[in-house]
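Have a look at the structure below, then the notes.
The values are calculated or read from the model by the stated rules, or taken from the named source; none is laboratory data. None of the values given here were measured: they were computed from a predicted structure. Here the Cβ positions follow ideal geometry from the backbone for every residue, glycine too, while neighbour counts run over all protein chains shown. Just so you know, the surface numbers come from the protein's heavy atoms only, side chains and all, with ligands and any DNA or RNA stripped out. Shrake-Rupley method; radii C 1.70, N 1.55, O 1.52, S 1.80 Å.
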Amino acid sequence: MTSLHTALLQSSGRPGDVAHNLRILDDAARTAAATGAGLLACPELFLTGYAIGDGVHRLAEPADGDSARAIAEIAATHGIAVLYGYPERAGRDEPDSAAVYNSAQLIGPGGEQLANYRKTHLFGCFEQEWFTPGEQAVVQADLGGLRIGVMICYDVEFPENVRAHALAGTDLLLVPTAQMHPFQFVAESVIPVRAFENQMYVAYVNRVGAEGEFEFVGLSCLAGPDGVVRTRAGRTEQLVRAEADPAFLKESRVANPYLHDRRPELYGPLT
């Protein structure tokens, strides 16, 4: 089993400018692939920007829209999988075709669509005004010998969410985020604990700097199942990299049998 070399693009791009952000993504994919990375993960709503008000609906695209096709071409050109955040317009055949979701899509290294996730837990008045919550908690795909899971920002702060992924076999959980001041303790403390208690790798990739009323704190990281952070960005735009090693993950799960030692019959009151 070989490790999945994973790159995290910590950047807020240029809010409201999709074409510019696609160029940033292309440059990052080229750089990451040149270092041997098999996966590039971008932040929440990287495609459009986060604090863009009604631009959320104006710039929303379907999962197979123009930007998805452009990113598929970028992935295939550089031979690297890409996870990116974007506002997703519901498909025409869905019950609420006017809905817009805070979504993240995983494109494979050949340009194929592997997974599309809609954020289930919307944070604060801003997100609740502009987005419809998703209804599927666990979305997964296979990549590089690992089972990849996807969730977005606030979702990871609900331990039930991450445990659901662990029980479904997720090995590497990708969490594009827009983590803002003063909640940096999530990046610093919660993410390593989530990785340890669920015996998985967690990649948390954040926006950075001021945007509208928000100040994004950066601190993107990839934490291992031992709770140790393999790479940590600072508070500037950066591309950081680390390995997700399936052999180490297997050993760690034997040494830390949380999932095996659970007693689900005691947890009924939780739901």
Cα centroid separation - region 1-34 against region 172-231, whole Å | 17
For Asp96 and Leu270, what does the FRET efficiency come to when R0 = 30 Å and r is the distance between their Cβ atoms, rounded to the nearest 0.05?
-> 0.50
Charge context of Gly85, other residues only, Cβ under 14 angstrom, K/R +1, D/E -1 | -3
Vicinal HN-Hα couplings computed from phi for region 40-51 (Karplus, 6.51 cos²θ - 1.76 cosθ + 1.60; Hz; Gly/Pro x) | 10, 10, 10, x, 4, 6, 4, 4, 10, x, 9, 8
Measure off, as a whole percent, the carbon and sulfur share of the 1.4 Å-probe accessible area of region 112-220, all protein chains present.
-> 54
Just the accessible area for Ser103, please: 1.4 Å probe, Å², rounded to the nearest 10?
-> 0
Would you be so kind as to identify all helices of the chain, as entire DSSP H runs, whose Cα atoms reach 27 Å or more along the helix's own axis and whose mean Kyte-Doolittle hydropathy is at least -1.0?
-> none
Counting only C-alpha contacts under 8 Å and six or more residues apart, can you give the relative contact order of the chain as a whole percent?
-> 20
Over the chain, average the accessible area per residue using a 1.4 Å probe and give it in Å², no decimals.
-> 42
Please list the non-local residues whose amide H lies under 5 Å from the amide H of Leu143, H modeled 1.01 Å from N, same-chain partners needing a gap of 5 or more.
-> Ile148
Cut-off under 5 Å, modelled amide H: who pairs with Gly79 long-range = none
Evaluate region 25-183: find the radius of gyration of its Cα atoms, find its Kirkwood radius, and give the ratio Rg to Rh.
-> 0.95
Relative contact order as a percentage, region 58-117, C-alpha pairs under 8 Å and 6+ apart, gives 36
With contacts defined as alpha carbon pairs under 8 Å and 6 or more residues apart, what's the relative contact order of region 30-91 in percent?
-> 54
Rounded if a/c is under 1.5, else prolate if a/b beats b/c, else oblate: with a ≥ b ≥ c from the C-alpha gyration tensor eigenvalues square-rooted, which is region 212-271?
-> oblate
As a check on your grasp of the helix formula, calculate [θ] at 222 nm for the chain: sum -39500 (n - 2.57) over DSSP H runs of n ≥ 4, divide by the residue count, round to the nearest 500.
-> -7500 deg cm²/dmol
